[in-house]
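Colleague: Here it is: the structure, laid out below.
The values are calculated or read from the model by the stated rules, or taken from the named source; none is laboratory data. Predicted model only: the values in this text are computed from it and were never measured. When we count neighbours, we look across all protein chains shown, and the Cβ atoms used for this are built from the backbone with ideal geometry, even at glycine. When the accessible area is computed, the model is the full protein with side chains, heavy atoms only, and any ligands, DNA or RNA have been set aside. Shrake-Rupley method; radii C 1.70, N 1.55, O 1.52, S 1.80 Å.
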Amino acid sequence: MSLLLLTHRACLGHDPGPYHPECPDRLRAVVAALEAEEFSDLIQGEAPRATEEQLTRVHPLSYVEAILGIRPEPDERVPLDGDTMMSHGSAEAALRAAGAAVAAVDAVMGGEVRRAFCAVRPPGHHCEPARPMGFCLFSNAAIAARHAQAAHGVARVAVVDFDVHHGNGTQACFEAEPSLLYVSSHQWPLYPGTGAVTETGVGNIVNGTLPPGADGAAFRALWERALLPAVEAFAPGLLIISAGFDAHAADPLAQLRLREPDFAWLTAALCAVAERHAGGRVVSLLEGGYDLAALGASVAAHVRSLRDS
């Protein structure tokens, strides 16, 4: 089955600075992994820029204008918080990252493909409606979900997040909206300090926590017991994945012990839910993952499963 791969060179232009974990080499590692011969059948496309209308379905116009108005000189950076920086190319990269998410929704809802993967950065799941944080400038998954509703009439959209960090931003965008579901597994305790199982929104937020050192067996058990049934019961018309790979055992920013087969297993399970409720339609967006070798291998496992499941 064909799968759409969306990316853009502009996403390399977001440069948070030397030694920053969310570096351009992350995207290079992902693209290199997907250039393997086994992925020669992927349909490749360039991410467009998100429009103001698309961004302001989630973010206030004042916030969008403020972020896009920050254009440092080459070799300069503007800190937005302790770990979120903007460089000369950051605004353009953020527009392309959000635009990829929107274009992927259009492709799967328009019947061009059933599944899409967006190899983009900066990531998005920590960005709240009016607050950048955690390396994130726009809430890409939330923008994609709102676009699916506004442009394609999808009644219920689910965002499923397996990044090792809780997606506080996506949760903040969704927590009062019963037509949107957010389901997350993440290490606890860990940055950003949100994601307790008691955080349930209007019944549309489902958080599952894993202790430091938890392995793939614990991860799979959590999803089988609590998280996949929540997605199944919601019966989404579109499933969006916040695909972070920093729960890998090799990742330097957390302490879970997942391996590539664990990401492939969950991807296949989510595709099965999408087959039952959403015509197989899945859009996946790159979030975290900071060991370059592990990131490339994990993305390959994820994309292989997206394509073949």
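Colleague: Inside region 104-129, can you point out the residues that are of a type in the set (G, A, S) and either within 12 Å of A141 (Cα to Cα) or open to solvent by less than 10 Å² (accessible area, probe 1.4 Å) (or both)?
Modeller: We begin by selecting, within region 104-129, every residue of a type in the set (G, A, S); these are 104, 107, 110-111, 116, 119, 124.
Matches in region 104-129: A104, A107, A116, A119, G124.
Colleague: Taking region 30-52, which residues are in a helix (DSSP H, G or I) and over 17 Å from the mean Cα position of the chain (by Cα)?
Modeller: Our first condition is that a residue be in a helix (DSSP H, G or I); within region 30-52, this holds for 30-33, 37-39, 52.
Correct list: A32, A33, E37, E38, F39, E52.
Colleague: Let me ask another. Within region 1-45, count every residue that is in contact (Cβ under 8 Å) with a residue 12 or more places away in the chain and over 16 Å from A94 (Cβ atoms). First the steps, then the outcome.
Modeller: First, pick out the residues of region 1-45 that are in contact (Cβ under 8 Å) with a residue 12 or more places away in the chain: 1-8, 10-17, 20-22, 24-34, 36, 38-39, 41-45.
In the following step, the residues that additionally are over 16 Å from A94 (Cβ atoms) were identified as 1-5, 17, 21, 25, 28-34, 36, 38-39, 41-45.
Number of matching residues: 23.
Colleague: Report every pair of residues separated by at least 6 positions or lying on different chains whose Cβ atoms are under 6 Å apart, first residue within region 194-214 and surrounded by 12 or more Cβ atoms within 10 Å (Cβ to Cβ), second among the aromatic types (F, W, Y).
Modeller: Taking only residues 6 or more apart or on different chains, the pairs are I205/Y182; T209/W188.
Colleague: Next question, about the same structure. Of all residues in region 143-194, how many are more than 24 Å from D246 (Cα to Cα) and under 17 Å from the mean Cα position of the chain (by Cα)? Write out each step before concluding.
Modeller: Of region 143-194, the ones more than 24 Å from D246 (Cα to Cα) are 146-157, 175-180.
Within this subset, residues satisfying the condition of being under 17 Å from the mean Cα position of the chain (by Cα) are 146-148, 157, 180.
The total comes to 5.
Colleague: Every residue in region 151-167 that is open to solvent by 10 Å² or more (accessible area, probe 1.4 Å) and touching a Pro at 6+ places or on another chain (Cβ under 6 Å), please. Can you show your working first?
Modeller: Initially, region 151-167 is screened for residues open to solvent by 10 Å² or more (accessible area, probe 1.4 Å), giving 151-156, 165.
Selection gives R156 alone.
Colleague: For E65, indicate whether it is touching a helix residue (DSSP H, G or I) at 6+ places or on another chain (Cβ under 7 Å) and either open to solvent by 60 Å² or more (accessible area, probe 1.4 Å) or at positive phi (or both).
Modeller: Working: touching a helix residue (DSSP H, G or I) at 6+ places or on another chain (Cβ under 7 Å): no; either open to solvent by 60 Å² or more (accessible area, probe 1.4 Å) or at positive phi (or both): yes.
Taking the combined requirement at face value, the residue does not satisfy it.
Colleague: Provide a single number: the residues in region 275-306 that are in contact (Cβ under 8 Å) with a residue 60 or more places away in the chain and either touching a helix residue (DSSP H, G or I) at 6+ places or on another chain (Cβ under 6 Å) or buried (at least 21 other Cβ atoms within 10 Å of the Cβ) (or both). Full working, then the answer.
Modeller: First pass over region 275-306, keeping only residues in contact (Cβ under 8 Å) with a residue 60 or more places away in the chain: 279-290, 292-293, 295-297, 299-300, 302-304, 306.
The next check asks that each one be either touching a helix residue (DSSP H, G or I) at 6+ places or on another chain (Cβ under 6 Å) or buried (at least 21 other Cβ atoms within 10 Å of the Cβ) (or both); those that pass are 280-290, 292, 295-297, 299-300, 302-303, 306.
Residues flagged as in contact (Cβ under 8 Å) with a residue 60 or more places away in the chain and either touching a helix residue (DSSP H, G or I) at 6+ places or on another chain (Cβ under 6 Å) or buried (at least 21 other Cβ atoms within 10 Å of the Cβ) (or both) within region 275-306 amount to 20.
Colleague: With respect to A148, determine if the residue is open to solvent by 20 Å² or more (accessible area, probe 1.4 Å) and not in a loop (DSSP other than H, G, I, E, B). I'd like the intermediate steps shown before the answer.
Modeller: Values: open to solvent by 20 Å² or more (accessible area, probe 1.4 Å): no; not in a loop (DSSP other than H, G, I, E, B): yes.
Against the criterion (open to solvent by 20 Å² or more (accessible area, probe 1.4 Å) and not in a loop (DSSP other than H, G, I, E, B)), A148 does not qualify.
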